[in-house]
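Here's the structure, in structure tokens; my notes come after.
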Amino acid sequence: MDRGYTWFALNNSETDYIELSKCLARSIKKHNTDNKVCIITDKPVEHEEFDHVVVLKEDYSKEQEWKLNNEWQVFELTPFKHTIKLEADMLFTANTDWWWNQLHQHNMIFSYHCRSYKDERIAKTPYRKLFERNNLPDVYNCLTYFRKSKQAQTFYNICRDITLNWQEVKDKMLVNCHDKQATTDVVYALALKIMDPLQENRIDYEWFNIMHNKSGANRLYAGFINDQYLYTMRVGESIMLGGYRQSRVFHYHNKILAKELYE
């Protein structure tokens, strides 16, 4: 089966997403036999950890600091027939080869909700008031599976239209939305609601979730510095938070954490 992991890696003034991508690629290859990875970026990159580097022909986020306007292009740009779409600021903590046996039976699988460091399912976080107001499905784009199919192509075409017409979309299709740019989770959620308004075709695998390393997702007070309070550390090849060994895909918020863990 032609399958692999793909994500965008476009640097901004604060974060080197290429360096974060190297850490993610190493973690995938460490834990998995099916470990081909592809990054999509705006300039040529050579590194042994990347099996494919796709350079954008047209960059829709040149004027953005938070470069999200290209995300809908993943369907056309991924080199794989079966793709798990990620984000650069993530780490794998366990083997996920067995996922493909379940995922390849479907055209698309979305990750609903997220997990705390205790592996509790978090269906409501303080970061998603817009989702609640608009009754949007609580999906996380950073863990999405799709195969080359008409359904996936239609989904990403809708994502394109939402992204490139954001000002009109937010004013006419969303209630009380003040986001100046289209964020990928909102785009995914709205596109999914357009395609499946009642979520009749929803497939929600409990194992297809991320561990979200934000204080609100971990039910900590906003004043806490998440990684300090939970004493995030690496023990051997394991990542520990608050005394709990992490076994899910680990989505970190502090962009220097990967370097701190693996220095």
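The values are calculated or read from the model by the stated rules, or taken from the named source; none is laboratory data. Computed from a predicted model, the values in this text were never measured in an experiment. Here Cβ is always computed from backbone atoms with ideal geometry, including for glycine, and neighbour counts include all displayed protein chains. In case anyone asks, the SASA skips ligands and DNA or RNA and just uses the protein heavy atoms, side chains included. Shrake-Rupley method; radii C 1.70, N 1.55, O 1.52, S 1.80 Å.
Quick notes on this one:
- Part-to-part distance (alpha-carbon centres) for the stretch 101-148 and the stretch 156-227, which is given in Å: 9
- The equivalent ellipsoid that matches the C-alpha gyration tensor of the stretch 139-215 spans semi-axes of 22, 17, 12 angstrom, in descending order.
- Exposure of HIS52 as accessible area (Å², to 10), given a probe of 1.4 Å and all protein chains: 70
- Spatial separation of Cα centroids for the stretch 230-249 and the stretch 34-56, in angstrom: 28
- Within the accessible area of the stretch 80-181, the carbon and sulfur atoms contribute 45%, probe 1.4 Å, all protein chains present.
- Pairs from the list LYS43/LYS124; LYS81/LYS255; LYS22/LYS150; LYS36/LYS148 with a Cα-Cα gap above 27 Å: LYS43/LYS124; LYS81/LYS255; LYS22/LYS150.
- Annotation: per residue accessible area for the chain equals 49 Å², rounded to a whole number [probe 1.4 Å, protein chains only].
- Area of SER61 that stays accessible when all protein chains are in place (1.4 Å probe, Å², to 10): 0
- Span-like helix ranges in the chain, DSSP H, alpha carbon extent 27 angstrom or more, Kyte mean at least -1.0: none
- With q set to 0.16, 0.21 Å⁻¹, the log10 of I(q)/I(0) for the stretch 41-115, from the Debye formula over equal scatterers at the Cα positions, is -0.82, -1.29.
- In a simple Cβ point-charge model (Lys, Arg +1; Asp, Glu -1; nothing else charged), the stretch 35-77 has a dipole of about 80 debye relative to its Cα centre.
- Under 12 Å from the Cα of LYS30 - aspartates and glutamates, other chains or at least 8 residues apart: GLU49, ASP97, GLU237
- The amide H of ILE122, built 1.01 Å from its N in the peptide plane, has CYS114, ARG115, SER116 as neighbours under 5 Å, considering only residues 5 or more places off or on other chains.
- About its Cα centre, the chain has a charge dipole of approximately 580 debye under the convention of +1 per Lys or Arg Cβ and -1 per Asp or Glu Cβ, with nothing else charged.
- Among the GluC sites (Glu not before Pro) within the stretch 25-73, those in coil by DSSP and having at most 13 neighbouring Cβ atoms inside 10 Å are GLU46, GLU48, GLU58, GLU63, GLU65.
- Rounded to the nearest 500, the helix-only mean residue ellipticity at 222 nm of the chain stands at -7500 deg cm²/dmol, with each DSSP H run of n ≥ 4 adding -39,500 (n - 2.57).
- Gaussian network model of the chain, springs between alpha carbon atoms under 10 Å - residue of ASN213, ASN176, ASN32 with greatest fluctuation: ASN176
- Positive dipole terminus of the chain, leading residue within VAL74, TRP99, ILE28 (C-beta point charges): TRP99
- Cα-centre dipole for the stretch 1-82 with unit charges at Cβ (Lys and Arg positive, Asp and Glu negative), debye to 20: 360
- Taking PHE75, PHE92, PHE50 in turn, the Gaussian network model of the chain (Cα-Cα springs below 10 Å) assigns the largest fluctuation to PHE50.
- Within the chain, the ratio Rg/Rh, alpha carbon atoms throughout and Rh by Kirkwood, equals 0.93.
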